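The next block holds one structure in the form of structure tokens; read it before the comments.
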């Protein structure tokens, strides 16, 4: 079968004009392209991870391309930039479908249903200037540049977490991944971030644990709490936090550590603290 010669893109060995992509019938077709420079990566898409490229390249070499790359009519990659790089590494054509009109707004929506995107990818995407809520995500980005914390911990702090019935109210991750996250009180968040950084200076392993950070934030709201006492007690009795399970275990260990062998520091003896069912 002879090949058509037109100004277009290869589809199963045949050249097809980009004007054909406008029909609903063409959208269902799978196209193949080995000129990798035709694919454009959006600035607000996630960063390329070479390890992920290598994994995909190995999978493609054994099983072929099980999922198609999605592009718009401008050949901007909406989903599948790692697969493009994997195909380029292998020297095989990229299998892709075209969705006319797709844009950067669709990138996170499409990837929200997949396991590929991590929290940092959403942060990069939504902090891009083209997004309507980018100002909030730029605040988040700056916060994490200032305070090296687990991202879930940081989002809890920035969202103004409240504690109810020894649990946590609706977490921030759904709104964060949907692009609608709002910073509640940046001044208070910076205060808590600074406290956790002080803890990190002598308990770096513990501060990397989200449950530890949440337990500390919980006791900091209790009557009689002293920040200096907390620093001193946690520094002396880090072993109290070994091999803990759920959040309740961490909360109880935090209170136990704070109260353990309390001694007077100056004129006043520190007060013991007690968990309550509700901490506002």
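Filter segment 172-195 down to the residues that are assigned to a loop (DSSP other than H, G, I, E, B) and free of Cβ contacts under 8 Å to residues at least 60 places away in the same chain, then identify the one that is farthest from residue 118 (Cα to Cα).
So the residue we want is 185.
Go through segment 151-160 and report how many residues are surrounded by fewer than 19 Cβ atoms within 10 Å (Cβ to Cβ) and part of a loop (DSSP other than H, G, I, E, B).
1
Kindly indicate the residue of segment 108-137 that is modelled with pLDDT under 80 and over 21 Å from residue 152 (Cβ atoms) and also surrounded by the fewest Cβ atoms within 10 Å (Cβ to Cβ) among those meeting that condition.
129
For segment 67-81, which residues satisfy the criterion of being in contact with a helix residue (DSSP H, G or I) (Cβ under 9 Å, 6 or more places away or on another chain), closer than 18 Å to residue 53 by Cα and either outside any loop (DSSP other than H, G, I, E, B) or not assigned by TED's automatic domain parsing to the domain that holds residue 29 (or both)?
Hits for segment 67-81 are 69, 70, 77, 78, 79.
Any residue that is farther than 22 Å from residue 248 by Cα, at pLDDT 90 or above and buried (at least 18 other Cβ atoms within 10 Å of the Cβ) - is there at least one of those in segment 161-179?
no
Looking only at residues in segment 33-59 that are at pLDDT 90 or above and buried (at least 18 other Cβ atoms within 10 Å of the Cβ), which one is farthest from residue 117 (Cα to Cα)?
Residue satisfying both the conditions and the ranking: 33.
Which one of 185, 190, 246 is within 30 Å of the chain's Cα centre (by Cα), modelled with pLDDT of 95 or more and surrounded by fewer than 19 Cβ atoms within 10 Å (Cβ to Cβ)?
None of the others qualify; the one that does is 190.
The values are calculated or read from the model by the stated rules, or taken from the named source; none is laboratory data. Since the model is a prediction, treat every value here as computed from it, not as a measurement. As a convention, Cβ positions derive from the backbone with ideal geometry for all residues, glycine included, and neighbour counts pool all protein chains shown.
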